[in-house]
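Coordinate-derived values only; no laboratory data. Just so it is clear, the structure is predicted and the values come from calculations on it, not from any experiment. Cβ coordinates were reconstructed from backbone atoms using ideal geometry, including for glycine residues, and neighbour counts include every protein chain displayed.
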């Protein structure tokens with residue numbers, strides 16, 4: 001017989017958040033369930049809106065003010081099952097003994113904070129999506145991923161190729177940005193649109209890290225995954241500044257002359273990555289001062305379609321730079337220089 | 001039966017290639033792997049990654065008449081019968 005859960009009603013998320021921190025397990029679980037269920041309703045509406053032709057749903061807040069993430073971290077105990085394991089840390093709870101749990105919790109916080117502070121985006125879907133983190137997923141699992149729903153899975157790595165994947169702030173930012181992209185342009189994960197999808201995750205992943213560490217464009221190493229690579233892939237997975245040099249197996253091209261036909265989406269992403277690096281470093285200061293804003297405006301631009309190629313994206317970045325900063329602004333010129341450096345036309 | 005496994009994708013996006021002879025596995029596991037591989041439809045289309053940064057496994061192995069067969073599976077399609085052979089191949093895999 002199902003247990004009646006009295007919280008499946010119209011309690012404001014704020015109260016639910018407090019209940020989620022309650023000491024007794026039944027109350028806590030019921031509140032957590034409800035927060036998730038509540039979100040399902042909003043998600044359903046968003047889905048409906050998109051089917052009706054809207055790109056994304058209008059903000060539906062249910063009294064939510066925003067500005068605070070809703071995080072829950074689970075221990076998968078090395079299983080490959082994708083249902084949540086043991087709750088280790090819910091929103092607002094103190095740090096625990098397991099470093100992976102705390103790193104995932106903090107990484108989610110850095111990512112949420114970056115998107116909220118910079119773009120007033122309330123979580124991945126812009127509507128306060130609760131974010132679930134699943135640590136210790138699989139045996140020696142050399143990967144971390146966003147599952148296109150609401151969960152981020154973290155492997156512990158095999159110690160050779162990758163190590164504990166929760167350690168990379170940029171990696172958490174990268175994965176959660178896949179969720180943001182899914183709710184915006186929903187770029188198809190193959191060919192140039194797939195490489196753009198990957199690049200956008202690196203572009204915002206590195207900014208989440210730079211923002212957390214307060215690094216300007218000269219202080220950042222512009223490396224992706226430096227904290228999670230094992231000896232076989234040292235010093236990093238990718239370099240946005242000099243694609244193709246991050247590790248002995250890095251085959252990323254630095255411009256269109258090296259474009260790999262049929263290449264992995266993680267290979268050709270080096271081209272738009274370097275364009276972003278060039279724009280940000282040409283302008284100086286912090287990457288998010290202008291370059292990040294232009295890229296975000298482009299990602300959320302309704303003219304960016306799911307099948308976009310590099311040139312489509314480049315054109316839109318220039319259009320957005322001109323709209324925000326002016327047709328002949330230094331920002332617009334920097335965007336032109338950035339794409340020129342990687343040989344992608346902006347016209 | 002020799003099985004060659006190439007793992008592509010993942011957050012790193014760098015291929016990892018390894019080979020295993022099913023004879024290296026306990027007899028029961030080996031039979032389960034071989035039955036499973038020979039049961040896979042030859043014209044099975046490659047499933048797109050179930051989510052960004054997912055792994056895809058390209059498997060090469062001989063068919064019942066010794067002919068070469070290949071098939072690509074998304075990581076979500078790897079079941080408990082296939083996992084031992086893939087895991088072993090990847091443990092000894094080389095990057096690039």
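Computed values, structure above
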quantity: Relative contact order (%) - criterion: Cα under 8 Å, at least six apart; region: the stretch A:251-341; calculated: 28
quantity: Relative contact order [Cα under 8 Å, 6+ residues apart], the stretch B:6-54, whole percent; calculated: 41
quantity: Order by protection proxy (mean Cβ within 10 Å, highest first), peptides B:76-88, A:194-206; calculated: A:194-206, B:76-88
quantity: Shielding by partners - mean other protein chain Cβ count within 10 Å, residues of B:44-54; calculated: 6
quantity: Gaussian network model of chain B, Cα within-10 Å springs - most flexible of B:58, B:32, B:12; calculated: B:12
quantity: Principal-axis tilt of helix B:27-39 within chain B, Cα atoms, nearest 10 degrees; calculated: 70
quantity: The stretch A:74-174 - share of DSSP beta bridges that are antiparallel (%, nearest 5); calculated: 50
quantity: Average partner coverage of A:143-153, which counts Cβ from other chains inside 10 Å; calculated: 4
quantity: Separation between Cα centres of the stretch B:1-63 and the stretch A:287-347, rounded to whole Å; calculated: 41
quantity: Relative contact order computed over the stretch A:141-222 (Cα-Cα under 8 Å; 6+ residues apart), in percent; calculated: 24
quantity: Sequence ranges A:329-338, A:89-98, ranked by mean other-Cβ count within 10 angstrom, highest first; calculated: A:329-338, A:89-98
quantity: Helix-only CD estimate at 222 nm, as mean residue ellipticity for chain B, using -39500 (n - 2.57) per DSSP H run (n ≥ 4); calculated: -7000 deg cm²/dmol
quantity: Shielding by partners, peptide A:261-268 (average Cβ within 10 angstrom, other chains); calculated: 3
quantity: Sorted peptide list for A:141-150, A:71-80, criterion being average Cβ within 10 angstrom, highest first; calculated: A:141-150, A:71-80
